[in-house]
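The values are calculated or read from the model by the stated rules, or taken from the named source; none is laboratory data. The model shown is predicted, which means the values in this text are computed figures rather than measured ones. FYI the Cβ positions are ideal-geometry reconstructions off the backbone, even for glycines, and counts take in every protein chain you see.
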Amino acid sequence: MPLSLPEFNYVRRLVLEQSAIVLEEDKGYLVESRLSTLARQEGFASLSLLVERLQSEPYQRLHCRAVEAMTTNETSFFRDFNPFEALRKAVIPALIEKRGQTRELTIWCAACSAGQEPYTIAMLLREHFPSLASWKVRILATDLSAEMLSRAREARYSLLEVNRGLPASFLVKYFQKEGCNWQLREDIRRMVEFQIANLASAWPLLPPMDLILMRNVLIYFGLDTKKQILGEVRRVLRPDGYFFLGGAETTFNLDDAFERVQFGRATCYRVRNT
């Protein structure tokens with residue numbers, strides 16, 4: 001049975017309060033589809049019984065799972081390709097030159113989902129910048145979903161997932177076949193540190209960042225939350241660091257402290273010099 005309007009609105013409020021993600025009025029099909037899976041996993045005979053339980057109890061594990069089910073986990077290796085070309089050809093070489101004295105580099109992949117983006121960064125560094133092997137390189141990856149982070153740490157992907165964007169040479173070089181799946185090599189997995197974080201609430205203690213990738217995330221938030229997040233980005237991004245958003249996202253009309261920088265077909269942002 002589909003959700004009633006009051007049930008749907010309750011889920012919308014729950015998700016907004018706990019994650020700041022805005023579910024539009026036409027997303028009923030999405031809510032029903034994702035909550036149906038959760039209802040089956042948790043042993044509820046209907047969506048209504050699941051929502052009834054959520055409404056009748058204080059916030060706990062089930063509420064957390066319901067909110068996580070509503071987050072979008074669409075990702076792939078080398079997603080959109082052009083930003084990674086910009087990293088390889090321009091951004092990483094520039095950071096290596098700037099950080100030559102300290103020999104330290106800190107990268108943050110926000111909303112990392114199942115780990116494809118931070119692992120893409122790790123493989124790209126290993127493949128094209130061997131000099132960084134003697135540097136202190138920290139790749140931090142965060143996500144709202146504990147379930148996604150568990151998958152990311154495991155780094156085991158289906159044939160469909162490794163066929164989406166991953167060059168065949170990287171598959172052969174950096175993955176091991178395990179049954180029907182492929183697992184990333186342990187030495188590459190160790191390059192990435194995973195941590196739970198909700199971008200719309202209090203951020204964990206973060207080090208100054210040389211590079212931040214927060215791609216295809218802001219589109220799910222309301223205007224005030226977008227501005228809040230961009231303000232926090234400015235706080236942790238080094239003055240000469242680089243900030244990547246998704247292709248449909250921008251800081252324009254949200255935070256004038258950022259300036260747009262073009263690298264070929266890729267766009268990133270820097271904090272304006274004051």
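Quick notes on this one:
- For region 177-207, the set of residues classified as modelled with pLDDT of 95 or more and loosely packed, with under 12 Cβ neighbours inside 10 Å consists of E186, D187, R190, listed by residue number.
- Inside region 92-114, residues that are surrounded by fewer than 21 Cβ atoms within 10 Å (Cβ to Cβ) and part of a helix (DSSP H, G or I) make up a count of 5.
- Boolean, L211 is closer than 22 Å to P93 by Cα, buried (at least 19 other Cβ atoms within 10 Å of the Cβ) and free of Cβ contacts under 8 Å to residues at least 60 places away in the same chain: no
- When restricted to residues that are in a helix (DSSP H, G or I) and out of contact with any helix residue (DSSP H, G or I) (no Cβ under 9 Å at 6 or more places or on another chain), region 223-274 contains 10.
- Remark: G247 falls outside the filter, which requires a residue to be more than 30 Å from S158 (Cβ to Cβ), assigned by TED's automatic domain parsing to the domain that holds A111, among the small types (G, A, S) and surrounded by 13 or more Cβ atoms within 10 Å (Cβ to Cβ).
- Residue among P239, P207 that is assigned by TED's automatic domain parsing to the domain that holds R103, of a type outside the set (S, T, Y) and over 18 Å from C109 (Cβ atoms): P239
- For K89, the conditions (1) under 22 Å from G241 (Cα atoms); (2) not in a helix (DSSP H, G or I) are fulfilled apart from (2).
- Subset of region 18-32 (residues that are loosely packed, with under 11 Cβ neighbours inside 10 Å and either in a helix (DSSP H, G or I) or in contact with a Leu (Cβ under 8 Å, 6 or more places away or on another chain) (or both)): Y29
- Note on region 40-78: among residues that are within 23 Å of L160 (Cα to Cα) and aliphatic (A, V, I, L, M), the one that is surrounded by the fewest Cβ atoms within 10 Å (Cβ to Cβ) is A69.
- Test result for P118, assigned to a helix (DSSP H, G or I) and closer than 30 Å to L30 by Cα: yes
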